[in-house]
Amino acid sequence: MMDLTPKLADGAKVVQGYAAGRFRIAGEVVSGSVLILPAAVEPWSATDIAGATVESLEPMIAAGRAGAVEILIIGCGARTQLVPRPLRDALRDAGLSVEFMDTGAAARTYNVLMMEDRKAAAALIAL
C-alpha cells in the first residue's frame, strides 16, 4: 500500500483540527489563540482582531527579521477583517509577506505552506 502521508520537515507544526476555543497542533491540544512558529507553538493573547497588536506579534516580527519566517498567515476569527495599517506596516517592515483570512482558511493555508516546505508561520484567533 502506498503511504500518502505528507512528508514534512522534522518537527513541523501542522494544524490537525480546531473547535470552539482550541486547536490540535502536531498532536497537542492547545486552548485559546496561538502563534505557530517553525519550532514552537505559543499562546497568543488576542481574542479578536483588535488584540492583534505589534506587541502581541513580536515573536513573528523577530522570526521575520531573523529570516526564519517569510510568510505569516493570520486567522482573524470567524471572518476576515480589516487589520490596522500600523500592524500591516510593522509586519511587512520585518520582511514578512502577510495574508489575513478567517481562522479556518488560515489553518488550511498554513498546512499547505508547511507541506511545500515554505518558511511560514501562523497566528490563529480561536473561534
With +1 assigned to the C-beta of every Lys and Arg and -1 to the C-beta of every Asp and Glu, and no other charges, what is the dipole magnitude of the chain about the Cα centre in debye, to the nearest 20? 180
Run lengths n ≥ 4 of DSSP H only: what is the helix-derived mean residue ellipticity at 222 nm for the chain, with -39500 (n - 2.57) per run over all residues, to the nearest 500? -7000 deg cm²/dmol
Gained length - Ala68 relative to Ala39, 0.36 nm times residue gap less alpha-carbon distance: 9.5 nm
Note on the chain: contact order normalised by length, alpha-carbon pairs under 8 Å, 6 or more apart, percent, works out to 31
Per residue, accessible area of the chain with a 1.4 Å probe, heavy atoms of protein chains only, in Å², comes to 53
Starting at the first residue of segment 79-95, write each ³J(HN,Hα) from the Karplus equation 6.51 cos²θ - 1.76 cosθ + 1.60 with θ = phi - 60°, in whole Hz, x for Gly and Pro. 8, 5, 9, 6, 9, x, 4, x, 5, 4, 5, 4, 5, 5, 4, 7, x
Output the Kirkwood hydrodynamic radius of the chain, Cα pairs only, in Å rounded to one decimal. 14.4
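The values are calculated or read from the model by the stated rules, or taken from the named source; none is laboratory data. Just so you know, these numbers come straight off a predicted model, no measurement behind them. Note: ideal-geometry Cβ built from the backbone for every residue, glycine included; neighbour counts use all protein chains shown. For the accessible areas, the whole protein counts, side chains as well, though only heavy atoms, and no ligand, DNA or RNA atoms are used. Shrake-Rupley method; radii C 1.70, N 1.55, O 1.52, S 1.80 Å.
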